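**Student:** Before I ask anything, here is the structure I am working with.
The values are calculated or read from the model by the stated rules, or taken from the named source; none is laboratory data. Because the structure is predicted, anything quoted here is derived from the model rather than measured. Cβ sites come from the backbone with ideal geometry, for glycine too, and all protein chains shown count toward neighbours.
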Amino acid sequence: MMAISANNTGYKLLLPLRSPYLLLLGLSSTTLATTIAVAQESDQVQKLWETPAQLKTPESVLYDPTENVLFVSNINGKPDEEDGRGFISKISSVNGTIIELNWVTGLNAPKGMAVSTDNSKLYVSDITDLVEINIANGQITNRYNAPGGAFLNDVVSDEQGNIYVSDTGTNAIYKLDNNNKSSLQLWLQNPELDSPNGLYIDNTTNKLVVASLGGSLSLVDLDNKTISNLGTQVPVGSLDGIEADTTENLYYVTDGATGKVYAVNSDGTGYRTLIDLQKQGADLEYIANERMVIIPMMQDNKLVAYGILE
């Protein structure tokens, strides 16, 4: 998920220099082709498949159990430009085959995604809008603008059907209330969110877990909105996507700056490197019944899937 902005002189920074999205600056396609590294596998994971390199700056991947497919958001351009080039792809979760490259078009720079509780709608962040898509036919059915929004990023839904969206540029989280979907409302804004990026709702603790581009992992109480640190033994860096295992005892977190995927104890008591991608991985997905992690490789225009062996 992005952390840069464009003006008539080029890009300007929205976040500190450690932002992983600086990797996108000044790199030609030739440079990208010569900097590809092979992920370091261990006895913890096994590579299962990768898609053809036909995606276009894939930023986020989401599993739809109803259709047994993966949705992939493709920025296909600058991360904050309203150019109409962005799109959503459908990918086979079995082997990475591209089912439909341009399944949903007419977007700008789509990033995080979430599915409604009834599995009928797909919600996608798109710069300053939350876009609603009918999964049955791939048609855009609504666009909710974030008042005061700058850089909407990840999207997540809770058990009540509410949708939460992070805004990395304004240290904010927006909410689309399932009981009143007339508009997207500012739910929380606080500098302690430290450029919020990835979101995950931990139903065990009723907390919103926030992975920040500016630093580390924090918890937001869904009832009273209080913010606390996950713990002291957690990764610090340009954190991006976050998911959890079935027990919610482990969080899987990508760090775009280091190119690593971490397995983090959900009580904040420790973490380890699960996969060393050696380059930027974005907003990942975890399929529990397959014990599979899928990671968008933005620079390589593909997804990579790993089975967790431990």
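**Student:** What tally of residues in the stretch 140-158 results from selecting those that are under 18 Å from I75 (Cα atoms) and out of contact with any Leu (no Cβ under 6 Å at 6 or more places or on another chain)? First the steps, then the outcome.
**Tutor:** Start the filter on the stretch 140-158 by keeping residues that are under 18 Å from I75 (Cα atoms), which leaves 140, 143, 150-155.
With out of contact with any Leu (no Cβ under 6 Å at 6 or more places or on another chain) added as a condition, the list becomes 140, 143, 150-153, 155.
Number satisfying all stated conditions: 7.
**Student:** How many of the residues in the stretch 229-257 are within 13 Å of L213 (Cβ to Cβ), surrounded by fewer than 22 Cβ atoms within 10 Å (Cβ to Cβ) and either at pLDDT 90 or above or among the β-branched types (V, I, T) (or both)?
**Tutor:** 1
**Student:** May I ask you to verify whether D276 is under 16 Å from E310 (Cβ atoms), surrounded by fewer than 20 Cβ atoms within 10 Å (Cβ to Cβ) and under 17 Å from the mean Cα position of the chain (by Cα)?
**Tutor:** Working: under 16 Å from E310 (Cβ atoms): yes; surrounded by fewer than 20 Cβ atoms within 10 Å (Cβ to Cβ): yes; under 17 Å from the mean Cα position of the chain (by Cα): no.
No, not satisfied.
**Student:** Give me the pairs, please: first residue somewhere in the stretch 204-218 and over 21 Å from I163 (Cβ atoms), second residue anywhere and among the charged types (D, E, K, R), beta-carbon distance under 7 Å, and either six or more positions apart or on two chains.
**Tutor:** Every condition considered, the pairs that remain are G214/D194; G215/D194.
**Student:** Within the stretch 156-166, is there a residue that is over 19 Å from the mean Cα position of the chain (by Cα) and among the polar types (S, T, N, Q)?
**Tutor:** yes
**Student:** Could I ask something else about it? Which of the residues that make up the stretch 189-217 are buried (at least 19 other Cβ atoms within 10 Å of the Cβ) and farther than 22 Å from V261 by Cβ? Give the steps one after another, and end with the answer.
**Tutor:** Step one: list which residues in the stretch 189-217 are buried (at least 19 other Cβ atoms within 10 Å of the Cβ), which gives 193-201, 207-217.
Residue satisfying the conditions is L193 alone.
**Student:** Just checking, how many residues over the stretch 33-91 are under 20 Å from the mean Cα position of the chain (by Cα), within 22 Å of I135 (Cα to Cα) and at pLDDT below 95?
**Tutor:** Adding up the residues that qualify gives 2.
**Student:** Which number in (1) touching a strand residue (DSSP E or B) at 6+ places or on another chain (Cβ under 9 Å); (2) among the charged types (D, E, K, R); (3) at pLDDT 95 or above marks the one condition that D223 misses?
**Tutor:** It is condition (1) that D223 fails.
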